[in-house]
Amino acid sequence: MSNNNFFFDQNTWRELLKLGTLRKYRTDEIIFLQDQPSSGLVCLKEGKLKTCMLFPNGKEKILSILDVPYILEEMPIFDGGVYTCSAIAMAPTEIVFVSKEKTLDFLKSNPDLYRVALRVMAKKMRWMHIQANDMLFSIPERLAYLLLNYSDYGIFPNKQKDVKLIITHDELACLLGTTRPLITKYLNEFYRLELIDKGEGYIIIKDFEGLKKLGKADYIR
């Protein structure tokens with residue numbers, strides 16, 4: 001699924017990118033870390049990344065998986081705070097960092113970007129609400145919901161086909177706060193029931209109604 005719904009004016013996007021500094025990252029390279037001072041607005045120009053929380057014990061909680069185009073860490077632009085999470089490249093990735101001062105000046109002459117920033121922040125709040133609500137349900141219920149509504153989790157990994165979710169078992173485990181073996185167990189069960197098809201790094205839903213029945217009616221929609 002593409003993120004293009006956030007950027008209704010490609011000319012504005014191109015003008016914004018001209019104001020910043022381009023940096024390139026290899027797969028698995030850290031782009032920025034939570035609690036570090038902000039370098040300004042982060043613009044995802046090429047590639048794919050994940051935002052996450054990293055913990056001292058080595059564990060990781062994925063918050064979102066993002067495709068181009070996208071803006072990140074807009075909050076420090078307005079409140080002057082630090083980065084709220086970490087970002088790691090999931091493919092060769094190009095990032096444009098636009099300083100806080102240049103971003104604020106650009107916003108003055110491009111008020112439409114304010115609406116984009118507000119939409120992004122509102123969407124992220126919804127992602128966090130859904131992930132917090134997850135704790136009330138079992139792993140198979142949560143997994144079924146994610147597969148049916150993955151954009152609600154901030155997952156935008158595939159621009160070609162909405163029916164094909166490009167994601168690994170490890171990434172699903174980090175999103176749902178569980179382990180890879182449990183994700184594999186329940187995906188295999190979904191596959192046995194002919195609810196999904198799957199291969200290395202992808203999942204395709206075959207039976208939407210059947211998958212919905214695995215969860216509670218007020219949760220799986």
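The values are calculated or read from the model by the stated rules, or taken from the named source; none is laboratory data. Note that the coordinates shown come from a computational prediction; the quantities given were computed from them, not determined experimentally. Neighbour counts run over all protein chains shown; Cβ positions are idealised from the backbone, glycine included.
Descriptive notes on the structure:
- Selection within the range 34-71 - among the acidic types (Asp, Glu) and either under 27 Å from residue 15 (Cβ atoms) or crowded, with 21+ Cβ neighbours inside 10 Å (or both): 46, 67
- In the range 124-148, of all residues being surrounded by fewer than 20 Cβ atoms within 10 Å (Cβ to Cβ) and in contact with a Ser or Thr (Cβ under 9 Å, 6 or more places away or on another chain), the one that is modelled with the highest pLDDT corresponds to 139.
- The conditions of being under 16 Å from residue 121 (Cα atoms) and surrounded by fewer than 20 Cβ atoms within 10 Å (Cβ to Cβ) are met by residue 80.
- Subset tally (residues that are at pLDDT 85 or above, closer than 17 Å to residue 144 by Cβ and part of a loop (DSSP other than H, G, I, E, B)) for the range 160-174: 1
- Scanning the range 10-19 for residues that are surrounded by fewer than 21 Cβ atoms within 10 Å (Cβ to Cβ) and either in contact (Cβ under 8 Å) with a residue 12 or more places away in the chain or touching a Leu at 6+ places or on another chain (Cβ under 6 Å) (or both) yields 12, 13, 15, 17, 19.
- Criterion violated by residue 35 - all others in (1) in a strand (DSSP E or B); (2) farther than 20 Å from residue 165 by Cβ; (3) out of contact with any Ser or Thr (no Cβ under 8 Å at 6 or more places or on another chain) satisfied: (1)
- Qualifying residue in the range 103-118 (condition: of a type in the set (Val, Ile, Thr) and either closer than 26 Å to residue 177 by Cα or outside the structural domain of residue 37 (by TED's automatic domain parsing) (or both)): no
- Across the range 178-213, the qualifying residues are those that are touching a residue at least 12 places away in the same chain (Cβ under 8 Å) and of a type in the set (Lys, Arg), and the one among them that is nearest to residue 136 (Cα to Cα) is 212.
- Test: residue in the range 63-70 that is small (Gly, Ala, Ser) and assigned to a strand (DSSP E or B): yes
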